[in-house]
1. Just to be sure I understand, how many residues within region 104-138 are more than 14 Å from the chain's Cα centre (by Cα), assigned to a loop (DSSP other than H, G, I, E, B), free of Cβ contacts under 8 Å to residues at least 60 places away in the same chain and on the phi < 0 side of the Ramachandran plot?
2. Within region 170-189, does at least one residue satisfy the condition of being part of a loop (DSSP other than H, G, I, E, B) and either touching a residue at least 60 places away in the same chain (Cβ under 8 Å) or over 24 Å from residue 110 (Cα atoms) (or both)?
3. Can you name every residue in region 325-349 that is crowded, with 16+ Cβ neighbours inside 10 Å and more than 20 Å from residue 398 (Cβ to Cβ)?
4. From 86, 108, 120, 103, which residue is buried (at least 23 other Cβ atoms within 10 Å of the Cβ) and out of contact with any strand residue (DSSP E or B) (no Cβ under 7 Å at 6 or more places or on another chain)?
5. Which of the residues spanning region 361-390 are within 23 Å of residue 179 (Cβ to Cβ) and in contact (Cβ under 8 Å) with a residue 40 or more places away in the chain?
6. Please enumerate the residues belonging to region 76-103 that are in a loop (DSSP other than H, G, I, E, B), on the phi < 0 side of the Ramachandran plot and at pLDDT 90 or above.
7. State all residues of region 139-155 that are in contact (Cβ under 8 Å) with a residue 40 or more places away in the chain and either open to solvent by 60 Å² or more (accessible area, probe 1.4 Å) or of a type outside the set (A, V, I, L, M, F, W, C) (or both); if no residue qualifies, say none.
8. Would you check if there is a residue in region 57-75 being open to solvent by less than 40 Å² (accessible area, probe 1.4 Å), assigned to a loop (DSSP other than H, G, I, E, B) and of a type in the set (Phe, Trp, Tyr)?
Amino acid sequence: MSFVLRVLAVCSLALNVAECAKPNIVFMLADDIGFNDLSYTGCANTKTSFLDELASKESLMLFHNYAAKVCGPSRAAFLTGRYPSTLGLQNLVFNQQYPVSLTRQVSTLADEFKNAGYSTHLVGKWHLGFQAWEYTPRYRGFDTFAGFYSGYTTYFTHELNVELHDSEQFAYYDLREGEQESRDAIEDEVYGVWWERDKTIDLLSQLKDASDPFFLFLSWQASHAPNDAPQEYIDLYNKVNVDDHRMYMQAQTHTLDDAINAVVTYMKDNALWDNTLLVFTSDNGGELNRGDNFPLRGHKNQSWEGGVRVPGFVTGGYLNDERRGQQLTDTIVHLTDWYPTLLAAAGIDMSHTRSTKLHNDAINTDTRFDNNGVGHIAVDGQNVWNAIQFGESNSAISTEERELLLDVNSEWCPFTSCGALRRGKWKFIRGGNVGTDGNA
């Protein structure tokens, strides 16, 4: 069915035009997938057959697609539409020992969708702070949460090693559904990517007959360290590479491909696909000795192209048929762009809605930032929806003219400031721009 006919079919069931303009939104953020880590981008020996088929035949591939150089800043950029440096988070990865979270002074994409009548859901990695309940997902605009708070955990035991001041380490469990610990998955040592897959399908089974559209942020665990994967997947790669780190990363990426296959297949089989817009991207480049960023220079934790330019595509039944199997080559896309872009795709005006929910308080709200003289903090991202859906670019987003801030870094810098900037087809980089050595 063509895109126009699909929209007409949806609109014929809608009560008004506004309902017509609200597709389901699924945003898949893979972890540490480099520019050349998927077979469709050129990697010959990592088996990602489903993603290859989905990207090449049913999607618009994003050729100039950018993220931050590490995990936490990328998630802050996506959910707020602001550069990490705007938020003061360009180098922070929200280690459990460092009590900082994404400020509640800014609006989030989840809050925007919730305010517009969507149900909102997060499955997988949060990594935007957790020093108080109010900084965790269900207090930042998400109706439901199933995942982990920190930057990484082990895949089977779901543990995080916490280093105390005396350098002694303790392992803590980090896997939750809402605010409750997911004890069964921990005790049964369920592989993390399978757990995320199953939680997503369980959620979709509840949403498929709902009257409201949904926003789902699916923040996959794969393919971040540590070196954990099901043995049958490891066996597929243990003769391909002599480097154990790379072998495990490929096995994890293979499981990611199978998990996404299961989720997309469920959506297609249950009448969810036609009115869904799905975005896939990575949060940063591949890690040194684990990922493959060829032919780009550098790796995760650097602002060279290999650290910040990542694979990505847009698909789903809501994507215009004429855009499938194409590459978006005349437009630069950045993680901050998805804030205004996804709202535009859903026909929602930006409201700058902020999280005000308090823990264990059904009456009062968080008023700390009301009338504080700051007002709305402007979004840095650009709306690229017309470029995606209709092939209509403009000077603010084009590869010829766009000016994009990729990094600002005052730490570990021999100058007053370091960073990276792309302007059209030129890139300026100052300093080594190697970020934190923490749990990125």
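1. Within region 104-138, residues that are more than 14 Å from the chain's Cα centre (by Cα), assigned to a loop (DSSP other than H, G, I, E, B), free of Cβ contacts under 8 Å to residues at least 60 places away in the same chain and on the phi < 0 side of the Ramachandran plot number 3.
2. Yes, because at least one residue in region 170-189 is part of a loop (DSSP other than H, G, I, E, B) and either touching a residue at least 60 places away in the same chain (Cβ under 8 Å) or over 24 Å from residue 110 (Cα atoms) (or both).
3. Result: 342, 343, 346, 348.
4. Going through 86, 108, 120, 103 in turn, just one is buried (at least 23 other Cβ atoms within 10 Å of the Cβ) and out of contact with any strand residue (DSSP E or B) (no Cβ under 7 Å at 6 or more places or on another chain): 108.
5. Across region 361-390, the qualifying residues are 366, 368.
6. 82, 83, 101, 102, 103
7. 139, 140, 141, 144, 147, 150, 151, 152, 153, 154, 155
8. no
The values are calculated or read from the model by the stated rules, or taken from the named source; none is laboratory data. Please read all numbers here as calculations on a predicted model, not as lab measurements. With ideal geometry, Cβ positions are generated from the backbone for all residues, glycine too; neighbour counts draw on all protein chains shown. The area values use the complete protein model at the heavy-atom level, side chains included, leaving out ligands, DNA and RNA. Shrake-Rupley method; radii C 1.70, N 1.55, O 1.52, S 1.80 Å.
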